[in-house]
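Beneath this line is the structure, given in structure tokens, with notes to follow.
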Amino acid sequence: MEGFIFSVKRYSINDGPGIRVAFFMKGCPLSCMWCHNPEGISPLKETVIQTNRIGTREFHHREDVGKYYSAEGILEILEKEKVFLNQSNGGVTFSGGEPLLQFDFLHETLKIIKENGYHTAVDTSGYSTAEKFKAIIPYTDLFLFDLKHLDEDKHKEFTGIPNGVILDNYRILIESGRDIMVRIPVIPGYNDDPDHLKRLRQFLTETKTISLKKISLLPYHKIGLSKYKRFNIPYRMKQTEPPSKERMKELKEYFSETGVKIKIGG
Amino acid sequence: MYISPRVKKLRQQSLDAVEKISAERALLITQFYKSDEARELSAPVKRARAFEYLLKNKKICINEGELIVGERGPAPKETSTYPEISLHSLKDLEILDSREKVFFKVDDEVKNLYKNEIIPFWKGKSNRDRIMSLMTPEWNDAYNAGLFTEFQEQRAPGHTVLGYQMFSKGFISVKEEIRKAIESLDYFTDNQAFEKNEELKAMDIACDAIIMYAFRNADALEKLATIEKNPERKNELLKMAGICRKVPANAPDTVHEMLQHYWFIHLGVITELNPWDSFNPGRLDQHLYRVYKKEIESGTLSTEKLDDLLGCFWVKFNNHPSPPKMGVTASESNTYTDFCLINLGGVTSEGADAVNEMSYILLDVIKEMRILQPSSMIQISKITPDRFIHKALDIIKTGFGQPSCFNTEAIIKELLRQGKNIVDARNGGASGCVETGAFGTEAFWLTGYFNLPKVLELTLNNGFDKRTNKQAGLQTGYAHDYKSFDDLMEAYKLQLNYFIDIKIRGNNVIERTFAGWLPVPFLSLLVEDCILNGKDYNSGGARYNTSYIQGVGLGSITDMLTAIKYNIYDNRKITWDELTRALEADFAGFEQLQHEMIYNTPKYGNDDDYADNQAVLVFEIYYDAVNGRPNSRGGVHRINMLPTTSHVYFGSVMGATPDGRNAHLPLSEGISPFQGVDHNGPTSVIKSASRIDQLRTGGTLLNQKFSPSFFEDEDSYSNLTALIRSYFSLDGHHIQFNVVNAGTLKDAQQHPERYRDLIVRVAGYSDYFNDLGEDLQNEIIRRTEHE
């Protein structure tokens, strides 16, 4: 069985503890307006025009987005990075896209790499079935769980899907005994109004268990903008500006009342 | 660290002082060599008397407010010349005066002295003239083609570091050792007894000379005290005078005495000759800790006073730019830095963690002083606490390029492999850029950079160098004659061995010129076993005597060979004729081919065995050619892999290369990948770099450029620490971080006036960005940013 992966990142230090290898899996049921990995949304094969430069000269060629990897192939990469993962108490992270969209591959691969002694993390939107989450819980040391909006309509407006399933799955994982780190993208004008922040903080506090290790506040950024151009996808958030450093500090302060460690960035 | 107004002022003076040529030393040495006395003496005694003459007649300089005294020249940054080593012509002086980067101002008085006194006496008689007249035509052809550089043509061999021994004794007891050594000379069975006696006599004169010089400083301080109005400073001056009468004659007992003691020794070494890497106190935290602890406990030293002393000491190094060079040497290491590398951390001679309070205090001094010299590094062993590394990262983060990180276990293993005993190995460290040495016991000379990619270029062209129009190498055939990759490597090996033979033959002659004409009786006092052996440091008197040839361009040659193997032999994508034509045209009209070579060919630095295998191949051939070959001092030749800035010069003598590099561009530096070709991140670079067996070298250099965002918080510090420890667990020798973003550097290029304080890591050392040539600036900008 093979997984369809659009990017492999070594020395990944923002996707869980320590030095990690992050695999970004192609295909996502959500289409968040601010998504900085738009090439990860479609589960289909795509090609893109890649430009290489030598001085001022440009060379264009078509390149496939995504490659197929077997669990063994993944393991081979991890073996190469082993010394760093061990030294830093790091591991491997499956991100995306939505990794659970390729459930069979994810399930099998997590099992194999867990057997080989690596720390495993799954970075998820929370949008999958409860059964699938339950199936990978034994092989996943850490879930990186995105919480975008608590309001069903707002969630649907900006991500394309309602949030009911997501919140249900969150409740399952938080009771699972596995580590959870919540990631909240801070999108000005979408989820940062006082009322929603208050609800979010309340939700996190009420559902909190020992599993909840950290809350990361991810400031909205425009780094992905060039990708939209390259992939010819319309970018719908041109008007939105990244939150200021001061604002992020304020929010950090605000969420520390949950009693959980708060971090700005991954 | 608290920077007092005193230190602040001295620091600013040092930053503002303009580098100038001083003719004082050149004039004094000329006067001495002209004297009747000089003509009658044996070489070592003559050099000792010359040393004495310099110290007796040089101007004494006491800067206002300073606590540590002594300048090489008449004032800060007024820089001595060494006509007995290499003589600057009037034209050289003009170039130094007017060149944009790393200039030395030369006033009319100096020019006149050179014209009327110095040049007439030394013309044709400097050691550089001697060396050049002794080299074979083959050596000259290879040298001119840019296959190697020669370290000893403009500077004396130094490359040594003070060990702990000299921090706990004075020259009066050294004189006693000399007396005993003279007494035990055996004129019946030792046919060298006479020569030994001359050398030991010279050493004794050198002891007296340095004590005399300290007393001259004491006299000057006392004289200043009589006219000093401020009672506090008056007291200080008298106290300093007392210290100069105590050290270096006697062992130092306080931190103040220890710093002054070392500084006199440092001045002695750089006045006697202009040895490479000036001189170096080495494991400073270890040396100072004992007296520091004692003083703190007895209450004789406050932290403010300590900060003042260390601040004054630091400024002293910065007052002493590297002696001015000319010609090729100017571009191979064009910098004011004199490579004095303070070592912190590591292990004790018993193998315990050596990090102590003084290690942290000195890190703080490095951070707060923020000046070019001295350079600094931390030694990291398996038992070095993370806290210490984090504290160093705190400084590295600021983009200052210091301290660099070294692997203590690797240094120890390298030294043990070379036959040093375990205690000498643990007391060792790195000096200069990254060079492994046993401190206080070893003369580890660098003899020249060696251009590995140039050997390949000649191998592809039947040994003929197009630039100089000379048959520099062997006639092993042309590119298209090599039917297989193995054929090519066989020819490469023949060429390499041929050039290494030329280099080693040259080294063995050059080393003898220093032994014969330019002994260093003062430096010989400082390195163990010279007195015991009755032999000069320059003649193999030290316990260990190593000659290094520094391989340059590993990343580049690996990519070149890989491009050939991949595109010509393994996949038959192109033919030799196509590639040869493309190279001759510098890829003009062959852009698509160049693109293939750069973007669609495996590269070193990506943890890709297909490419990295060639690095191992090149390394092993180089190692076999050099390692263990006898030098002329009773030791052997060994390799290390560092470039300083020679990769720029070496690139300038080369045409376009099969890796897609255009003609005359810089080569890769150290064992780092070629600029910009590593696209898998730092872990892959580390994996590639650790494919070569670094423990069989005397040092390698790995440069990693990071943007400040990798230093954001505790987590990122921990990850960087883990990255360093991982590399070291793979037996990596050294890694340094260049923390800047390209935007800042580009802006600095546009507006140098706004970035006068911008210091960047070049290669094994830091330099002011503004003092780098434009090509080097561009290269630093290009180096991959691991975002």
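Here B:D624 fits the description: out of contact with any Gly (no Cβ under 9 Å at 6 or more places or on another chain), charged (D, E, K, R) and either within 14 Å of chain A (Cβ to nearest Cβ) or surrounded by fewer than 24 Cβ atoms within 10 Å (Cβ to Cβ) (or both).
B:G660: part of a loop (DSSP other than H, G, I, E, B), at the interface with chain A (Cβ under 10 Å from one of its Cβ atoms) and crowded, with 21+ Cβ neighbours inside 10 Å, yes or no? So B:G660 fits the description; yes. Only strands (runs of 3 or more DSSP E) whose full extent lies in region A:5-72 are considered here, and the ones with at least 3 residues that are surrounded by 17 or more Cβ atoms within 10 Å (Cβ to Cβ) are A:20-25. With the requirement that a residue be within 22 Å of the chain's Cα centre (by Cα) and at pLDDT 95 or above, what does region B:633-651 give you? Within region B:633-651, B:R633, B:G635, B:V636, B:H637, B:R638, B:I639, B:N640, B:M641, B:F650, B:G651 qualify. B:R11 fulfils the conditions (1) closer than 25 Å to B:H88 by Cα; (2) charged (D, E, K, R); (3) modelled with pLDDT of 95 or more except for a single criterion, (1). Being part of a helix (DSSP H, G or I) and either without any contact (Cβ under 8 Å) to a residue 12 or more places away in the chain or in contact with a Gly (Cβ under 9 Å, 6 or more places away or on another chain) (or both) is a description that does not apply to B:L667. When B:G551 is tested against (1) in contact with a strand residue (DSSP E or B) (Cβ under 6 Å, 6 or more places away or on another chain); (2) surrounded by 22 or more Cβ atoms within 10 Å (Cβ to Cβ); (3) closer than 18 Å to A:H61 by Cβ, only condition (3) is not met. Screening B:L745 on (1) at pLDDT 75 or above; (2) within 14 Å of chain A (Cβ to nearest Cβ) shows it passes everything except condition (2).
For region A:30-45, the criterion of a residue being of a type in the set (S, T, N, Q), without any contact (Cβ under 8 Å) to a residue 24 or more places away in the chain and either more than 14 Å from every other protein chain (Cβ to nearest Cβ) or over 21 Å from A:R178 (Cβ atoms) (or both) is satisfied by at least one position. Of the candidates A:V48, A:V92, the single residue that is within 22 Å of A:H107 (Cα to Cα) and either more than 9 Å from chain B (Cβ to nearest Cβ) or at pLDDT 90 or above (or both) is A:V92. Restricted to region B:7-26, and to residues there that are in contact with a helix residue (DSSP H, G or I) (Cβ under 7 Å, 6 or more places away or on another chain) and hydrophobic (A, V, I, L, M, F, W, C), the residue that is farthest from B:E117 (Cα to Cα) is B:V7. Residue check: is B:S668 away from chain A (no Cβ under 14 Å), over 12 Å from B:H734 (Cα atoms) and among the hydroxyl-bearing types (S, T, Y)? Yes, satisfied. Identify the residue in region B:562-608 that is assigned to a loop (DSSP other than H, G, I, E, B) and among the small types (G, A, S) and, among all such residues, is nearest to B:G670 (Cα to Cα). Among those that are assigned to a loop (DSSP other than H, G, I, E, B) and among the small types (G, A, S), it is B:G605.
Being within 11 Å of another protein chain (Cβ to nearest Cβ) and either under 22 Å from B:G553 (Cα atoms) or in a loop (DSSP other than H, G, I, E, B) (or both) is the filter; apply it to region B:702-716 and report the residue that is modelled with the highest pLDDT. So the residue we want is B:Q704. Residue check: B:R387 meets all listed conditions (1) free of Cβ contacts under 8 Å to residues at least 24 places away in the same chain; (2) in contact with a Lys or Arg (Cβ under 6 Å, 6 or more places away or on another chain) but one, namely (2). With respect to (1) away from chain B (no Cβ under 14 Å); (2) surrounded by fewer than 18 Cβ atoms within 10 Å (Cβ to Cβ); (3) of a type in the set (V, I, T), the lone exception for A:V182 is condition (2).
A quick yes/no check of all residues on (1) closer than 27 Å to B:A515 by Cβ; (2) surrounded by fewer than 24 Cβ atoms within 10 Å (Cβ to Cβ):
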| site | (1), (2) |
| --- | --- |
| B:H261 | no, no |
| B:G268 | yes, no |
| B:L273 | yes, no |
| B:N280 | yes, no |
| B:R283 | no, no |
| B:Y289 | no, yes |
| B:E295 | no, yes |
| B:S298 | no, yes |
| B:L301 | no, yes |
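Conditions (1) assigned to a helix (DSSP H, G or I); (2) aliphatic (A, V, I, L, M); (3) surrounded by fewer than 21 Cβ atoms within 10 Å (Cβ to Cβ), marked per residue:
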| position | (1), (2), (3) |
| --- | --- |
| B:V7 | yes, yes, no |
| B:L10 | yes, yes, no |
| B:I29 | yes, yes, no |
| B:Y33 | yes, no, yes |
| B:K46 | yes, no, no |
| B:Y53 | yes, no, yes |
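Can you confirm whether A:S7 is under 14 Å from the mean Cα position of the chain (by Cα) and within 14 Å of chain B (Cβ to nearest Cβ)? Yes; evaluated as a whole, the condition is true for this residue.
In the condition set (1) farther than 19 Å from A:S88 by Cβ; (2) facing another protein chain (nearest Cβ under 10 Å), B:G699 is compliant with all but (2). Quick one: is B:R512 more than 24 Å from the chain's Cα centre (by Cα) and part of a helix (DSSP H, G or I)? Taking the combined requirement at face value, the residue does not satisfy it. If only residues of region B:588-613 that are hydrophobic (A, V, I, L, M, F, W, C) and surrounded by fewer than 23 Cβ atoms within 10 Å (Cβ to Cβ) are counted, the one that is nearest to the other protein chains (Cβ to nearest Cβ) is B:I598. Looking only at residues of region B:169-188 that are surrounded by fewer than 18 Cβ atoms within 10 Å (Cβ to Cβ) and either at pLDDT below 95 or not in a helix (DSSP H, G or I) (or both), we find that the one that is farthest from the chain's Cα centre (by Cα) is B:F188. Tell me, please, whether a residue that is within 11 Å of another protein chain (Cβ to nearest Cβ), in contact (Cβ under 8 Å) with a residue 12 or more places away in the chain, closer than 20 Å to B:I396 by Cα and more than 27 Å from the chain's Cα centre (by Cα) can be found in region B:681-694. There is at least one residue in region B:681-694 that is within 11 Å of another protein chain (Cβ to nearest Cβ), in contact (Cβ under 8 Å) with a residue 12 or more places away in the chain, closer than 20 Å to B:I396 by Cα and more than 27 Å from the chain's Cα centre (by Cα).
For region A:248-262, a tally of residues being closer than 18 Å to A:P188 by Cβ and without any contact (Cβ under 8 Å) to a residue 12 or more places away in the chain returns 2. The set of residues in region B:390-414 being surrounded by 24 or more Cβ atoms within 10 Å (Cβ to Cβ) and more than 19 Å from B:I342 (Cα to Cα) consists of B:E414 alone.
Of the listed requirements (1) within 14 Å of chain B (Cβ to nearest Cβ); (2) assigned to a strand (DSSP E or B); (3) hydrophobic (A, V, I, L, M, F, W, C), A:L78 misses just one: (2).
Quick check, is A:V83 among the aliphatic types (A, V, I, L, M), under 25 Å from A:K213 (Cα atoms) and either within 14 Å of chain B (Cβ to nearest Cβ) or in contact with a Gly (Cβ under 8 Å, 6 or more places away or on another chain) (or both)? Judged against the criteria, A:V83 is not a match.
The values are calculated or read from the model by the stated rules, or taken from the named source; none is laboratory data. As the structure is a computational prediction, the values presented were derived from the model and not from experiment. Cβ atoms come from the backbone with ideal geometry, glycine included; neighbour counts cover every protein chain shown.
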